[in-house]
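See below for the structure under consideration.
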Amino acid sequence: MSIEIRNIQKRFGDFTALENVSLDIASGELLALLGPSGCGKTTLLRIIAGLATPDSGQILFHGQDATDRHVSERQVGFVFQHYALFRHMTVFDNVAFGLSVRPRAARPSKEAIRDKVMKLLKLVQLDWLADAYPNQLSGGQRQRIALARSLAVEPRVLLLDEPFGALDAKVRKDLRRWLRQLHDDMHITSVFVTHDQEEALEVSDRVVVMNHGKIEQAGRPDEIYEHPASPFVTQFLGDVNLFHGRVHDGKMEIGDYAHALGEHQTAAGGAATAYIRPHDLDLSREPGEALAAGTVEHIHAVGPIVRVELRREGSGDLIDAALTKDQYQTLRLMLGDRVFIRPKKLSVFLDAGADI
Amino acid sequence: MASLSTAAPRGIATTEPAWVRYTFTGLALTFLGLFLLVPLVSVFAEALAKGWSLYLDALIEPEALFAMKLTLIAALIAVPLNVVFGVAAAWSIAKFDFHGKSLLITLIDLPFSVSPVVAGLTYVLMFGAQGWLGEWLSAHDIKIIFAVPGIVLATVFVTFPFIARELIPLMQAQGADEEQAALVLGATGWQTFWHITLPNIKWGLLYGVILCNARAMGEFGAVSVVSGHIRGETNTIPLHVEILYNEYNFVGAFACASLLAVLALVTLALKTLVEWRAARQLGNDVPLEARARLAAAK
């Protein structure tokens, strides 16, 4: 089922949680709402679910206005950040709850409920825990039970609030892959909220980056990563080095260095900042046509990527660079070495207007 | 002893010398004995001083029986009213944000901070013959002060905070997530309350009911002001005890007092049982119980 979000506005006292947010979610899509805490992503999710009401604006489910529809009639599945399992009920009763509270006419028979619940528990690979209580389960198990419970009522939309936030790194990675698989099998329109850019980029079909109650950028994960639309998105998606300079004649000029800008980037001139990711920096000992020179201050060589920290000559700024092990060994870098950096790729934003 | 000595390296920094521990424990026990145990024993000793038959006679004389009946009536009305009020107040305070919330919390505590005698006097001022509503009430032939309704009102007022106070922190700690989850799953408001909220607070609620009941039956000050001490008409057990004692009928006074003492002991036992059950429930040693309950509810 498709979801249309039209001009949603939400304030809490003086705080604007959502400012004129509009977004279309295609049927069967797995969408990530990504942003720092307080950016309004969870509020938006709760408004879609009907757990919060917008001050103005509309929510359309499958083209029909659902703004005033009560949460219990929206047929959504909601997975809470802290699972919200019913602590006094067994796993079985938790999953069966949505079916067993239906009015008599719409309620499946006891046998049908039992079959359905056991099928779902098998799907989340926890059928052996049917008689356990929530506080006897691990975090990952609780998360999967919460998911099974929300799927039991055959929701038309699945909404997940920081679904993996409270889990440790290993479990998080497994569950992430598992959720992607589940979505590919079931094709249910899903929206999940996260502050973890890696999670959003890895799992979703489309990422919506939010900040201060507004949508900064929406697009496929690779689009967003390769062509961030604003300084905020660039910085939120990962580590980045900043170089201040000017845009002139279609070139980014930083000191004596000039970098030709592609068609994606700005044509107007003026003071600008270049954002360069650590792995987009080339290090060499040759001085020709370098962006800057620096001395090696720190080398972190554990793992497949070697992280090098440079002190930039002149300004004294720190520059982060990431090399492969091969590059690192070819260069034979030592602490205190003088090296030159060249960007393979940079994102440029004009300083004042921040328009592209 | 072996386990004690092996635990010593960790405990030594936080454990006081033996004489300190024994002195403090001894002080506490002496205090308990002097001020709780001795009076409790003496109540029963005095009541039975002239033998069992006189004790029983004192209990089954009509005025004593009437006092018991009135006490039960007052408790039977006050406790359910407080259950409804307490759950409603705790629910609204814990699950919603609204203006005047802190004022409501303060008001709930009012009966704790006001002397019961003052509480009784305010009812006299409102409903008494010279009170604000006195004329209107007597014109419609409604008697509140020096009658059963006044006693019930005073009891409700004094026991007001017990259940709400018990439930508010419990419900605040639990949050509203489970209720919201139930609503998203399609449950109605009533189903959510019945299947989710109530089971989660049942032990706290029971605990509050026990305390509320004990206070309702034992209340003296507020009830004393509004009752008028009319024997066989407006006397509850605590008031009856006072009257008998003032008439030097010690066996009768202590016999009735022993009823209140038994009530206190039963309350303590129930309270302990509820705490024990609640702790067990949290540990979830009793699987399959909840399923049976949900199945039975269908």
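The values are calculated or read from the model by the stated rules, or taken from the named source; none is laboratory data. On a predicted model such as this, the values are computed, not experimentally measured, just so you know. No Cβ is skipped: glycine too gets one built from the backbone with ideal geometry, and neighbour counts run over all protein chains shown. Protein only, heavy atoms only, side chains kept; ligands, DNA and RNA dropped before computing areas. Shrake-Rupley method; radii C 1.70, N 1.55, O 1.52, S 1.80 Å.
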- Scan of segment A:294-313 for residues that are in contact with a Gly (Cβ under 8 Å, 6 or more places away or on another chain) and either of a type outside the set (Asp, Glu) or closer than 19 Å to residue A:345 by Cβ (or both), ordered by number: A:295, A:296, A:310, A:311, A:312
- Message: Being in a strand (DSSP E or B) and either free of Cβ contacts under 8 Å to residues at least 40 places away in the same chain or not β-branched (Val, Ile, Thr) (or both) is the filter here; which residues of segment A:59-89 pass it?
- Response: A:60, A:61, A:64, A:65, A:77, A:78
- Message: So for segment B:141-160 (the condition being of a type outside the set (Lys, Arg), in contact with a Lys or Arg (Cβ under 6 Å, 6 or more places away or on another chain) and more than 14 Å from chain A (Cβ to nearest Cβ)), does at least one residue qualify?
- Response: yes
- Query: Do any strands (runs of 3 or more DSSP E) entirely within segment A:144-260 hold 3 or more residues that are among the hydroxyl-bearing types (Ser, Thr, Tyr), and if so, which?
  - Reply: A:189-194
- Task: Using the structure shown, decide if residue A:92 is within 8 Å of chain B (Cβ to nearest Cβ), outside any loop (DSSP other than H, G, I, E, B) and farther than 17 Å from residue B:183 by Cβ.
- Result: yes
- Among the residues of segment A:120-132, the number that are within 14 Å of chain B (Cβ to nearest Cβ) and either more than 28 Å from residue A:177 (Cβ to Cβ) or open to solvent by 40 Å² or more (accessible area, probe 1.4 Å) (or both) is 2
- Query: Filter segment B:81-137 for residues that are open to solvent by 40 Å² or more (accessible area, probe 1.4 Å) and touching a Phe, Trp or Tyr at 6+ places or on another chain (Cβ under 6 Å); which is nearest to residue B:160 (Cα to Cα)?
  - Reply: B:126
- Before we move on, is residue A:154 buried (at least 19 other Cβ atoms within 10 Å of the Cβ) and either modelled with pLDDT of 90 or more or in contact with a strand residue (DSSP E or B) (Cβ under 9 Å, 6 or more places away or on another chain) (or both)? no
- Item | Test: residue in segment B:177-189 that is open to solvent by less than 20 Å² (accessible area, probe 1.4 Å), touching a residue at least 40 places away in the same chain (Cβ under 8 Å) and within 12 Å of chain A (Cβ to nearest Cβ) | yes
- Just give me the residues in segment A:133-149 being in contact (Cβ under 8 Å) with a residue 24 or more places away in the chain, within 7 Å of chain B (Cβ to nearest Cβ) and surrounded by fewer than 22 Cβ atoms within 10 Å (Cβ to Cβ), in sequence order. A:135
- Note on the structure: Checked segment B:104-138 for anything more than 22 Å from the chain's Cα centre (by Cα) and either closer than 27 Å to residue B:178 by Cα or not in a helix (DSSP H, G or I) (or both); matches are B:128, B:129, B:130, B:131, B:132, B:133
- Note on the structure: Taking segment A:49-58 and keeping residues out of contact with any strand residue (DSSP E or B) (no Cβ under 6 Å at 6 or more places or on another chain) and either away from chain B (no Cβ under 13 Å) or touching a residue at least 40 places away in the same chain (Cβ under 8 Å) (or both) leaves A:52, A:53
- Message: Condition first: buried (at least 17 other Cβ atoms within 10 Å of the Cβ), away from chain A (no Cβ under 14 Å) and either over 21 Å from residue B:52 (Cβ atoms) or at pLDDT below 85 (or both). Can you find one or more residues in segment B:271-279 that meet it?
- Response: yes
- Task: Might you let me know whether segment A:67-84 holds any residue that is more than 14 Å from every other protein chain (Cβ to nearest Cβ) and not aliphatic (A, V, I, L, M)?
- Result: yes
- Message: Just checking, does segment B:195-208 include any residue being polar (S, T, N, Q), touching a Lys or Arg at 6+ places or on another chain (Cβ under 9 Å), in a helix (DSSP H, G or I) and over 30 Å from residue B:116 (Cβ atoms)?
- Response: yes
- Message: Against the condition more than 24 Å from residue A:47 (Cα to Cα), open to solvent by 10 Å² or more (accessible area, probe 1.4 Å) and within 14 Å of the chain's Cα centre (by Cα), how does residue A:216 come out, does it pass?
- Response: no
- Message: For segment A:107-119, check the following and say yes or no: at least one residue is open to solvent by 60 Å² or more (accessible area, probe 1.4 Å), within 30 Å of residue A:5 (Cβ to Cβ) and more than 9 Å from chain B (Cβ to nearest Cβ).
- Response: no
